[in-house]
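Chemist: One structure, as structure tokens, below. Some questions next.
The values are calculated or read from the model by the stated rules, or taken from the named source; none is laboratory data. It should be emphasised that the depicted structure is a prediction, and the values quoted were computed from it without experimental measurement. Neighbour counts are summed over all protein chains in view; Cβ atoms, including those assigned to glycine, are modelled from backbone coordinates with ideal geometry.
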Amino acid sequence: MRNVPIATEVINTRTRIEMIDVTELVQKHVRKLAVSEGFLIVYNPHTSAAITINENADPDVKSDLLTKLDKLVPQIESYYQHDEGNSDAHVKSSLLGNSVTVLIEGGRLVLGRWQGIYFCEFDGPRERRMMVKIVDLSQPQS
Ligand code: ZN
């Protein structure tokens with residue numbers, strides 16, 4: 001097993017709330033390191049953003065998901081106590097989660113036909129970080 005250090009990507013978000021498809025960005029690390037078998041963890045170190053896997057074919061899915069989250073967790077509620085004014089972003093971050101695990105086989109991310117990996121911004125625009133830790137289980141070439 002090869003030890004691969006954590007890679008960090010900078011993501012500049014452009015609006016308060018958005019989902020950015022980072023699938024190719026993540027796949028790039030697998031390719032660069034020539035990892036054929038293993039898995040990786042995509043990690044978001046922020047408390048007002050998230051990582052999720054969902055459909056990347058129809059952009060309406062992103063729009064529906066963000067609209068539904070906004071209805072479930074409005075930006076302003078009379079009972080919010082956190083004085084930064086971004087309580088909704090913290091709640092959405094916890095609802096979606098901070099990481100995903102993706103299998104690697106034959107040098108490719110193992111994702112369903114319609115699946116993509118998304119960095120989810122809930123309190124942008126900001127400069128964000130996204131970490132990728134690859135666990136390389138490839139057999140050494142003989
Ligand atoms: Zn806050």
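Chemist: Kindly indicate which of Asp64, Asp60, Asp21 is free of Cβ contacts under 8 Å to residues at least 40 places away in the same chain, among the acidic types (Asp, Glu), away from the ligand (no atom under 16 Å from the Cβ) and under 24 Å from Asn86 (Cα atoms). Walk me through how you get there before you give the answer.
Modeler: Values: Asp60 fails: under 24 Å from Asn86 (Cα atoms); Asp21 fails: free of Cβ contacts under 8 Å to residues at least 40 places away in the same chain.
Of Asp64, Asp60, Asp21, the one residue that is free of Cβ contacts under 8 Å to residues at least 40 places away in the same chain, among the acidic types (Asp, Glu), away from the ligand (no atom under 16 Å from the Cβ) and under 24 Å from Asn86 (Cα atoms) is Asp64.
Chemist: Next question, about the same structure. Of the residues Arg2, Arg16, which is of a type outside the set (Phe, Trp, Tyr), surrounded by 11 or more Cβ atoms within 10 Å (Cβ to Cβ) and within 16 Å of the ligand (Cβ to nearest atom)? Even if it seems obvious, please write down each step before you answer.
Modeler: Numbers: Arg2 fails: within 16 Å of the ligand (Cβ to nearest atom).
Of the residues listed, the single one that is of a type outside the set (Phe, Trp, Tyr), surrounded by 11 or more Cβ atoms within 10 Å (Cβ to Cβ) and within 16 Å of the ligand (Cβ to nearest atom) is Arg16.
Chemist: Is it the case that Ser94 is surrounded by 18 or more Cβ atoms within 10 Å (Cβ to Cβ), modelled with pLDDT of 95 or more and within 16 Å of the ligand (Cβ to nearest atom)? Don't jump to the end; show me each part of the working.
Modeler: Working: surrounded by 18 or more Cβ atoms within 10 Å (Cβ to Cβ): no; modelled with pLDDT of 95 or more: yes; within 16 Å of the ligand (Cβ to nearest atom): yes.
Taking the combined requirement at face value, the residue does not satisfy it.
Chemist: Mind checking which residues of the range 76-118 are assigned to a strand (DSSP E or B) and touching a helix residue (DSSP H, G or I) at 6+ places or on another chain (Cβ under 9 Å)? First the steps, then the outcome.
Modeler: Going residue by residue through the range 76-118, those that are assigned to a strand (DSSP E or B) are 99-105, 108-109, 115-118.
Within the range 76-118, Val102, Ile104, Arg108, Leu109, Gln115, Gly116, Ile117, Tyr118 meet the criteria.
Chemist: Output the residues belonging to the range 9-58 that are assigned to a strand (DSSP E or B) and at positive phi.
Modeler: Hit for the range 9-58 is Gly38, nothing else.
Chemist: Also, I was wondering about something else. Just name the residue that is surrounded by the fewest Cβ atoms within 10 Å (Cβ to Cβ) out of those in the range 19-52 that are closer than 20 Å to Leu65 by Cβ and small (Gly, Ala, Ser).
Modeler: Per the criteria, the residue is Ser48.
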